[in-house]
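To start, the structure itself, in structure tokens.
The values are calculated or read from the model by the stated rules, or taken from the named source; none is laboratory data. These numbers were taken from a predicted model, which means no experiment stands behind them. We place every Cβ from the backbone using ideal geometry, glycine too, and count neighbours over all the protein chains shown.
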Amino acid sequence: MDIRFREVDPFNCWIWLRFPDHPGQGERGYVDTVFDSWFFLGKLGGFNAESLQVHEEGIDLSAMHYDIETAEATLPALMHSMGEPEYRDAWCRCWVDLGTSDGVALDVLINALRQLNNDVVEIEEVLIGGVNDDWPVEEAPEALFPHGAN
């Protein structure tokens, strides 16, 4: 699976997946679940690189002290919105407003897609950002808050 970054606007970012063939309903279900799960974690502030205390602790987590005051002192890192994944031929695309979430959000998505590629659905290429000439996009997607914006 190749991973490439094109021009990335975090507030108007298209993520493109290319499969070897047109993905079936089952394969689409797995991909949709990855995007939905990723977005909900981002909407809840899960991708905040300023608050990675467990990661920074290292291997031995026994009796680790989690400093809630340090965690609460960080600025929120929230994804704002995501559109529904769309499919055309061997392609899937999904629009996302990454909001103030950190780059760790894209690392987590790429890690999940790599594992999905290894175990379930073959993905030939992941493109982060930019547009495909043969599949035009709107300047501002119509449904800005389709997933859980209250």
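General remarks:
- Annotation: residue 70 fulfils all but one of (1) under 13 Å from residue 96 (Cβ atoms); (2) outside any loop (DSSP other than H, G, I, E, B); the unmet one is (1).
- On inspection, residue 137 qualifies as at pLDDT below 95, surrounded by fewer than 19 Cβ atoms within 10 Å (Cβ to Cβ) and more than 22 Å from residue 43 (Cα to Cα).
- Boolean, residue 7 is part of a loop (DSSP other than H, G, I, E, B), within 16 Å of residue 101 (Cα to Cα), of a type outside the set (Ser, Thr, Tyr) and out of contact with any strand residue (DSSP E or B) (no Cβ under 8 Å at 6 or more places or on another chain): no
- Residues in the stretch 12-55 that are touching a residue at least 60 places away in the same chain (Cβ under 8 Å), over 22 Å from residue 81 (Cα atoms) and not in a helix (DSSP H, G or I): 18, 19, 20, 21, 22, 23.
- Those residues of the stretch 51-101 which are more than 30 Å from residue 134 (Cβ to Cβ), touching an Asp or Glu at 6+ places or on another chain (Cβ under 8 Å) and surrounded by 13 or more Cβ atoms within 10 Å (Cβ to Cβ), in sequence order: 53, 74, 77
- Filtering the stretch 83-121 to residues that are part of a loop (DSSP other than H, G, I, E, B), in contact with a helix residue (DSSP H, G or I) (Cβ under 9 Å, 6 or more places away or on another chain) and over 14 Å from residue 16 (Cα atoms) leaves 98, 99, 101, 120, 121.
- Flag for residue 112 being more than 17 Å from the chain's Cα centre (by Cα), in contact (Cβ under 8 Å) with a residue 12 or more places away in the chain and surrounded by fewer than 20 Cβ atoms within 10 Å (Cβ to Cβ): no
Yes or no, residue by residue, for (1) closer than 30 Å to residue 117 by Cα; (2) out of contact with any helix residue (DSSP H, G or I) (no Cβ under 9 Å at 6 or more places or on another chain); (3) modelled with pLDDT of 80 or more:
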residue	(1), (2), (3)
23	yes, no, yes
29	yes, yes, yes
42	yes, no, yes
53	yes, no, no
56	yes, yes, no
59	yes, yes, yes
67	no, no, no
71	no, no, no
74	no, yes, yes
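- So residue 47, is it of a type outside the set (Val, Ile, Thr) and within 13 Å of residue 113 (Cβ to Cβ): no
- The stretch 77-130, residues that are small (Gly, Ala, Ser), touching a Cys at 6+ places or on another chain (Cβ under 8 Å) and more than 20 Å from residue 2 (Cα to Cα): 83
- Residue match in the stretch 18-28 (condition: touching a Gly at 6+ places or on another chain (Cβ under 6 Å) and surrounded by 11 or more Cβ atoms within 10 Å (Cβ to Cβ)): no
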